[in-house]
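Asker: Attaching a single structure in structure tokens format; questions to follow.
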């Protein structure tokens, strides 16, 4: 009997073909709709490997009800959707997809920064709605990016890639990280000082118990009134009610958000009604090349585990 690989979202044929004929592939039929919990539990109970998405809750209940499970390969660099303690307790390997999405996510981060600074979404909406009547001296004026100060919280692979792009715009680059790193052109900063000095605060830190809610009322209060907050990490890092208040009251100038605490974000979410908020639907790694490279890493990890070879990109 072949090992069973359960894929929790419909993936392209070429991605599945990478698994070869060594395994039996079972896959949820929908691309846009997550697999229902009851079906996921049923399929996991027989699976040797789970090829999961960041929207899947791979928790202790699921892991302990999957006696044959050897590996969970997550189609993301983040893995806060997986209970790592439960995986360790049950001898299950967990992998992610670093490197493959670094440059694509850095591109999106900087695109969101530029769009937020120059009010591109707001201007585009007004034009399409027929609200643009004439050129005006201060119409849709935004914030300068060139020569501004960017503060990056979370200076990992993606943070460093964003910093390189920022240097191309003549920006002063500050960063705050759990561990201080040696850079020639980037300046390590105390967390509070970074918030006070930055024109653009960019969040790229992983979501953990330590970073949950790390940007709240106090932190937003330290930022400049002309500053923009850019979040391409995870929604739970930001207190969304505090952010809404800061944006409404003029505590900060604008925000660019690719992630939300609840995803998909409800269409009646208060942040979506604010003109100084630019939003995208969690598309940090959404380039064709990056997504296919991520899938390749997942397939390689699953095959290595099943073949009892060294598994790359392990997080536990």
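Here, each number is a calculation from the coordinates, and none is a lab measurement. Fair warning: this is a prediction, and the values are worked out from it, not measured in the lab. For neighbour counting, all protein chains shown are included, and Cβ atoms are generated from backbone atoms with ideal geometry for every residue, glycine included.
Asker: Need the full-extension length gain, residue 283 to residue 217, defined as separation in residues times 0.36 nm minus the C-alpha distance. One decimal, nm.
Answerer: Working: separation 66, 0.36 × 66 = 23.76 nm, distance 2.67 nm.
So the extension gain works out to 21.1 nm.
Asker: Report the gain in length on full extension from residue 273 to residue 10: 0.36 nm times residue separation, minus Cα-Cα distance, nm rounded to one decimal.
Answerer: 91.4 nm
Asker: Taking the chain as the reference, fit the longest principal axis to its C-alpha atoms, fit the long axis of helix 288-306 to the helix C-alpha atoms, and give the angle between the two in degrees, 0 to 90, nearest 10.
Answerer: 30
Asker: As an exercise, use a Förster radius of 25 Å and the Cβ-Cβ distance of residue 1 and residue 29 to find the FRET efficiency, rounded to the nearest 0.05.
Answerer: Working: r = 23 Å, r/R0 = 0.93.
The calculated FRET efficiency here is 0.60.
Asker: Specify the residue with the greatest mean-square fluctuation among 248, 70, 29, computed from a Gaussian network of the chain linking alpha-carbon atoms under 10 Å apart.
Answerer: Largest GNM mean-square fluctuation: 29.
Asker: Cut-off 17 Å, label point 7 angstrom out along Cα-to-Cβ of residue 315: give me the residues of the range 21-52 whose amide nitrogen falls inside.
Answerer: Zone members listed by number: 50-52.
Asker: Quick one: what does P(r) look like for the chain with 20 Å bins over all Cα pairs, in whole %?
Answerer: Whole-percent P(r) values from 0 Å outward: 31, 52, 17, 0.
Asker: Using only helices, what value at 222 nm comes out for the chain when you add -39,500 (n - 2.57) per DSSP H run of length 4 or more and divide by the total residues, to the nearest 500 deg cm²/dmol?
Answerer: Details: 11 runs with 103 residues, N = 316.
Rounded to the nearest 500, the figure is -9500 deg cm²/dmol.
Asker: Using a Gaussian network model on the chain with a 10 Å cutoff between Cα atoms, which of 200, 183, 169 fluctuates the most?
Answerer: Judging by the Gaussian network model, the answer is 183.
Asker: Using a Gaussian network model of the chain with C-alpha springs under 10 Å, which one of 32, 46, 217 is most mobile by mean-square fluctuation?
Answerer: Residue with maximal mean-square fluctuation among 32, 46, 217: 32.
Asker: Here is a follow-up. I want the antiparallel fraction of DSSP beta bridges within the chain, as a percent rounded to 5.
Answerer: Values: 1 of 39 bridges.
Taking every DSSP beta bridge within the chain, about 5 percent pair in antiparallel fashion.
Asker: For residue 124 and residue 263, compute 0.36 nm times the residue count separating them, minus their Cα-Cα distance, and round to one decimal in nm. Could the numbers behind the result be given before it?
Answerer: On the way: separation 139, 0.36 × 139 = 50.04 nm, distance 2.46 nm.
Length gained, residue 124 through residue 263: 47.6 nm.
Asker: Turning to a different aspect of this structure: Using the Cα atoms of the range 102-279, I'd like the radius of gyration and the largest Cα-Cα distance, Dmax, both in angstrom.
Answerer: 15.8, 52
Asker: Separate question: Between the range 276-313 and the range 33-104, what is the separation of their alpha carbon centroids in Å?
Answerer: When both Cα centres are located, 13 Å separates them.
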